[in-house]
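The values are calculated or read from the model by the stated rules, or taken from the named source; none is laboratory data. Just so it is clear, the structure is predicted and the values come from calculations on it, not from any experiment. Please note: Cβ atoms are built from the backbone with ideal geometry, for glycine as well, and neighbour counts cover all protein chains shown. Note: areas computed on protein heavy atoms with side chains; ligands, DNA, RNA excluded. Shrake-Rupley method; radii C 1.70, N 1.55, O 1.52, S 1.80 Å.
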Amino acid sequence: MTTSGVVPQARFSAQARLRALQSDIMELILERELEAGDPLPTENELSMVLGVGRNTLRESLKVLQALGVIEIRHGFGMFVAPSNFDALADGLTFRGRLSLRHQGLEALQLVDVRQALESGLIGSSMDVMTAEQLALIEEAVKQMEELAHTGQNFAAADAEFHRRLFEPLNNELLINLMGVFWKVYRKIHVEIGSDNEDLVATAAMHQSIYTAVATGDKVAAAELLNRHFDGIRRRISEAVAV
């Protein structure tokens, strides 16, 4: 960066070329119909096919590894990476925590997305929920209540409650995304000191959600899930206002 704060055009061009190369590598994976775990061509072959030098290629491969697109196993080669949402979780957690140093906008937006997912999909999940799945949700609530009454944090049981709410949809991507948002949500909780919340009241809120689901009241279940996120939204607003 120059003293005027302007990034030189050459740097922009280099970044654009690297992004284009990363896109080309992903297109090659798709065109060759490679699946998770399949080996990629060697660096020499990729350099020849894509028409780039090995140093430039390696830069792009490192970025794709960080993004979870490929996996580099030293001594074995490069492979299409299995589904891994860790990079997404780490990136969103960083953005959310960084925003707490300013107006908290991105942290609030992350809460909004999780709220929209849960309140919007609960009715569909209730439509296909079995008695056995409902019993597992109740089990998670009881565990939360037991821990709350002894003053113990129940973050793991809380996460399990929300996962079990949407397990009936049999949507692996949704469950993975919810896991990502849960990790982000927990980090934001810790960042703003929300682990001192009223555990008994929080457990009671989850009991109310379970009751609405168990009685088939979709409207109440969606409304309660909406209200469930009011607390964290209020605490984020209070934290950034200090």
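Scan the range 12-48 for residues that are β-branched (V, I, T) and open to solvent by 80 Å² or more (accessible area, probe 1.4 Å) and jot them down. Even if it seems obvious, please write down each step before you answer.
As a first pass, look at the range 12-48 and keep what is β-branched (V, I, T): 25, 29, 42.
Result: T42, single match.
With the checklist (1) in contact (Cβ under 8 Å) with a residue 12 or more places away in the chain; (2) surrounded by 13 or more Cβ atoms within 10 Å (Cβ to Cβ); (3) farther than 18 Å from A204 by Cβ in hand, flag the one item H162 doesn't pass.
(3)
Which one of the conditions (1) touching a Leu at 6+ places or on another chain (Cβ under 8 Å); (2) open to solvent by 40 Å² or more (accessible area, probe 1.4 Å); (3) aromatic (F, W, Y) does F79 fail to meet, given that it meets all the rest?
(2)
Here's the yes/no breakdown for (1) part of a helix (DSSP H, G or I); (2) of a type in the set (D, E); (3) surrounded by 19 or more Cβ atoms within 10 Å (Cβ to Cβ); (4) in contact (Cβ under 8 Å) with a residue 24 or more places away in the chain:
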| site | (1), (2), (3), (4) |
| --- | --- |
| A135 | yes, no, no, no |
| Q143 | yes, no, no, no |
| D158 | yes, yes, yes, yes |
| L174 | yes, no, no, yes |
| K183 | yes, no, no, yes |
| R186 | yes, no, no, yes |
| V200 | yes, no, no, yes |
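Could you tell me whether any residue of the range 78-99 is touching a helix residue (DSSP H, G or I) at 6+ places or on another chain (Cβ under 9 Å), more than 18 Å from L177 (Cα to Cα), among the aliphatic types (A, V, I, L, M) and modelled with pLDDT under 90?
Checking the range 78-99: at least one residue is touching a helix residue (DSSP H, G or I) at 6+ places or on another chain (Cβ under 9 Å), more than 18 Å from L177 (Cα to Cα), among the aliphatic types (A, V, I, L, M) and modelled with pLDDT under 90.
Considering every residue within the range 163-170, establish whether at least one is modelled with pLDDT under 95, part of a helix (DSSP H, G or I), touching a Ser or Thr at 6+ places or on another chain (Cβ under 6 Å) and not hydrophobic (A, V, I, L, M, F, W, C).
no
In this structure, is L105 modelled with pLDDT under 90 and either aliphatic (A, V, I, L, M) or over 17 Å from the mean Cα position of the chain (by Cα) (or both)? If you could, list the steps in order and put the result at the bottom.
Values: modelled with pLDDT under 90: yes; either aliphatic (A, V, I, L, M) or over 17 Å from the mean Cα position of the chain (by Cα) (or both): yes.
It is true that L105 is modelled with pLDDT under 90 and either aliphatic (A, V, I, L, M) or over 17 Å from the mean Cα position of the chain (by Cα) (or both).
Kindly establish whether A241 is surrounded by fewer than 16 Cβ atoms within 10 Å (Cβ to Cβ) and closer than 21 Å to T93 by Cα.
Considered against the rule, which asks whether it is surrounded by fewer than 16 Cβ atoms within 10 Å (Cβ to Cβ) and closer than 21 Å to T93 by Cα, A241 comes out as yes.
Tell me, yes or no, whether the range 53-73 has at least one residue that is small (G, A, S), open to solvent by less than 80 Å² (accessible area, probe 1.4 Å), more than 25 Å from D90 (Cα to Cα) and out of contact with any Asp or Glu (no Cβ under 8 Å at 6 or more places or on another chain). Spell out the reasoning first.
Step one: filter the range 53-73 for residues small (G, A, S), giving 53, 60, 66, 68.
With open to solvent by less than 80 Å² (accessible area, probe 1.4 Å) added as a condition, the list becomes 53, 60, 66, 68.
Subset that is more than 25 Å from D90 (Cα to Cα): 53.
From what's left, out of contact with any Asp or Glu (no Cβ under 8 Å at 6 or more places or on another chain): 53.
There is at least one residue in the range 53-73 that is small (G, A, S), open to solvent by less than 80 Å² (accessible area, probe 1.4 Å), more than 25 Å from D90 (Cα to Cα) and out of contact with any Asp or Glu (no Cβ under 8 Å at 6 or more places or on another chain).
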